[in-house]
Amino acid sequence: MSDHIVEFKNVIKKYPGQNAIDNVSFVLPRGKMIGLVGPNGSGKSTIIKLMAGLVHPTKGSVTVNGKTANRRIAGEVAYLSELDVLYPFFTAKETIGFNAGLFDDFDQEKALEIMSFMQLEPDKKAKNLSKGNRGRLKILLALSRQAPLILMDEPLAGLDPLVRDIIIKSLITYTNLDEQTVLMSTHEVAEAEPVLDMVVAVRDGQICGMDDVDNIRGKHGLSLMDWMKETMAK
Amino acid sequence: MSQSFKTNQPIYAQIVGRLCRQLVRGELQAGDKLPSVRDMAVQSGVNPNTIQRVYAELERQEIAETRRGLGTFITESKSRLRQVREELKNEQIVNFIADMKDMGFGPDEIVEGVRKELANSKERGDY
């Protein structure tokens, strides 16, 4: 088992008319909660989709847990999309059952535990859930998997502060950092900061900074927000 | 969030500081068991890795000790705990003096000011 959960080697991803990811190489360590920060359109979602095997690099290679990230990487990765991906006609409980059928590593017992922790109603259909509750249900689905890498694209976006708090608490409670690594993209930097071990800053399709949060505060005496501003300005 | 943190100091160091204050105030006592890493993480709203670092730091400073399979405990050593109290006091005073000096106050002014304020608060019955 390699020390790294993720490795990007000279990765380029071109979309028509633009380089979304521009020759990026980096590795991510295991057992950490990692934040992916950067302005809109900087390439965060593309980086996450490359890890999830949903997007293929134009050049270079992406490996997750030692395996090339392609369509068959789903067993190694729990991916939470920024989009609304729940079937509207399933109840919360049925959604859990459906996901348990999709993924071998889905822990149904844990899912039910998280459901009560999050105070989600089991028998309400997804289409009748509020945005906050749909947000919770999506997190629940990702956290119930025992995949070595959990990817979350904007799990806090557009949710009220109480829901964000519950989501952050459930991240602390239900991920197993001895065996899992979490990567989440977010703009809610101040709120996410206490749970992050390290951050990766992205700008214009390139990695413009990467450091431990303790280092940022200790050595540089900066909050994550100030560090981001400095990093992005370079 | 359950607790807020200052921005310019590592979170683990701030939690270590908080626990030391609780010790000095007597809210935590010699031999007390600290919560498990995960419980402490949830209580403080921080990452479990951070709490691991907190406990490691407390051990390094001989304020706590981890007993295999049992958890992390505050040291039984009363003398170490008295030392912590002394250290915390000195640290506060050093910071206070640095701040005052920074604003241009001399030693006599500082001592005089502190004495006056202590007398005032005694009169008000706050201290």
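The values are calculated or read from the model by the stated rules, or taken from the named source; none is laboratory data. Quick caveat, the model's predicted, so the values are computed rather than measured. Here the Cβ positions follow ideal geometry from the backbone for every residue, glycine too, while neighbour counts run over all protein chains shown.
For the residues A:Gly31, A:Gly41, the requirement of being within 18 Å of the chain's Cα centre (by Cα), in a loop (DSSP other than H, G, I, E, B) and within 14 Å of chain B (Cβ to nearest Cβ) singles out A:Gly31. Here B:Glu65 clears all of (1) charged (D, E, K, R); (2) over 30 Å from A:Arg217 (Cα atoms); (3) in contact with a Phe, Trp or Tyr (Cβ under 7 Å, 6 or more places away or on another chain) except the condition numbered (2).
In the range A:112-140, the residue that is surrounded by the most Cβ atoms within 10 Å (Cβ to Cβ) out of those that are in contact with a strand residue (DSSP E or B) (Cβ under 9 Å, 6 or more places away or on another chain) and within 22 Å of A:Ala74 (Cβ to Cβ) is A:Ile139.
So that you can scan it fast, the table gives a plain yes or no per residue for (1) touching a helix residue (DSSP H, G or I) at 6+ places or on another chain (Cβ under 8 Å); (2) within 21 Å of A:Leu36 (Cβ to Cβ); (3) modelled with pLDDT of 90 or more:
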| residue | (1), (2), (3) |
| --- | --- |
| A:Gly60 | no, yes, yes |
| A:Ala69 | yes, yes, yes |
| A:Asp84 | yes, yes, no |
| A:Phe89 | yes, no, yes |
| A:Leu102 | no, no, yes |
| A:Gln108 | yes, no, yes |
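Is it the case that the range A:196-203 has a residue that's at the interface with chain B (Cβ under 8 Å from one of its Cβ atoms) and either touching a strand residue (DSSP E or B) at 6+ places or on another chain (Cβ under 9 Å) or under 22 Å from A:Pro155 (Cβ atoms) (or both)?
Within the range A:196-203 (the criterion being at the interface with chain B (Cβ under 8 Å from one of its Cβ atoms) and either touching a strand residue (DSSP E or B) at 6+ places or on another chain (Cβ under 9 Å) or under 22 Å from A:Pro155 (Cβ atoms) (or both)), the answer is yes, since at least one residue qualifies.
Of the residues making up the range A:131-149, at least one is touching a residue at least 40 places away in the same chain (Cβ under 8 Å) and in a strand (DSSP E or B).
To keep it simple, each residue is scored yes or no on (1) exposed (fewer than 13 other Cβ atoms within 10 Å of the Cβ); (2) within 14 Å of chain A (Cβ to nearest Cβ); (3) out of contact with any Cys (no Cβ under 6 Å at 6 or more places or on another chain).
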site: B:Arg18; (1), (2), (3): no, yes, yes
site: B:Gly26; (1), (2), (3): yes, no, yes
site: B:Pro35; (1), (2), (3): no, yes, yes
site: B:Gly45; (1), (2), (3): no, yes, yes
site: B:Ala56; (1), (2), (3): no, yes, yes
site: B:Thr75; (1), (2), (3): no, no, yes
site: B:Leu81; (1), (2), (3): no, no, yes
site: B:Lys101; (1), (2), (3): yes, no, yes
site: B:Ser121; (1), (2), (3): yes, no, yes
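Annotation: B:Ile51 fulfils all but one of (1) more than 10 Å from every other protein chain (Cβ to nearest Cβ); (2) without any contact (Cβ under 8 Å) to a residue 40 or more places away in the chain; (3) in contact with a helix residue (DSSP H, G or I) (Cβ under 6 Å, 6 or more places away or on another chain); the unmet one is (1). For the condition assigned to a strand (DSSP E or B), buried (at least 18 other Cβ atoms within 10 Å of the Cβ) and modelled with pLDDT of 90 or more, A:Met184 qualifies. Residue check: is A:Ile207 β-branched (Val, Ile, Thr), more than 14 Å from chain B (Cβ to nearest Cβ) and buried (at least 17 other Cβ atoms within 10 Å of the Cβ)? Considered against the rule, which asks whether it is β-branched (Val, Ile, Thr), more than 14 Å from chain B (Cβ to nearest Cβ) and buried (at least 17 other Cβ atoms within 10 Å of the Cβ), A:Ile207 comes out as yes. A Cβ distance below 7 Å, combined with a sequence gap of six or more or placement on separate chains, defines the contacts here; from the range B:16-37, residues that are outside the structural domain of B:Ile51 (by TED's automatic domain parsing) reach no residue that is surrounded by 14 or more Cβ atoms within 10 Å (Cβ to Cβ) and assigned to a helix (DSSP H, G or I). All conditions but one from (1) under 23 Å from A:Asn176 (Cα atoms); (2) modelled with pLDDT under 90 apply to B:Ser4; the one that does not is (1).
Sub-8 Å Cβ pairs linking a first residue in the range A:54-73 that is touching a residue at least 60 places away in the same chain (Cβ under 8 Å) and more than 10 Å from A:Phe8 (Cα to Cα) to a second residue that is surrounded by 19 or more Cβ atoms within 10 Å (Cβ to Cβ) and of a type in the set (D, E, K, R), at least 6 apart or interchain, are A:Asn65/A:Glu76, ordered by first then second residue.
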